[in-house]
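The structure appears below as structure tokens.
Quick note: the coordinates plus some simple rules give every number you see, no bench work behind them. Since we're looking at a predicted model, the values are computed, not measured. Cβ: placed from backbone, ideal geometry, glycine included. Neighbour counts: every protein chain shown.
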Amino acid sequence: MKKNGLTLVLFLLLGLVAASIVSGLLEPVDAAAFFLRTTSVSWDPAADLNFIKYNISIQIKLNILSLMGLAAAVWLYRKL
């Protein structure tokens, strides 16, 4: 498989999705509360330039499991 930026982004997204699935499965477990504590990062750029107006909202919720998923995705990408 060819390594490029698009492949890395795909691996990172798949790592985040896998981590969110595992987080959802571990919600009922009390001992996993430390790994499931989330913090939100948001970015809301907006502009009105008379001929175009845009408003974009991006929000990322991070927890320790999502960071582990990102680390695993980077590790798998480097193993290619």
* To do: Please enumerate the residues belonging to the stretch 7-22 that are closer than 14 Å to Leu62 by Cβ and among the small types (Gly, Ala, Ser).
  => Gly15, Ala19, Ser20
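Can you tell me which residue in the stretch 23-50 is farthest from Asn63 (Cα to Cα), limited to those that are touching a Phe, Trp or Tyr at 6+ places or on another chain (Cβ under 9 Å) and touching a residue at least 12 places away in the same chain (Cβ under 8 Å)? Quick ask: steps written out before the conclusion?
Taking the stretch 23-50 and keeping what is touching a Phe, Trp or Tyr at 6+ places or on another chain (Cβ under 9 Å), we get 23, 26, 45-48.
With touching a residue at least 12 places away in the same chain (Cβ under 8 Å) added as a condition, the list becomes 23, 26.
Numbers: Ser23: 9, Leu26: 13 Å.
If we take residues in the stretch 23-50 being touching a Phe, Trp or Tyr at 6+ places or on another chain (Cβ under 9 Å) and touching a residue at least 12 places away in the same chain (Cβ under 8 Å), then Leu26 is farthest from Asn63 (Cα to Cα).
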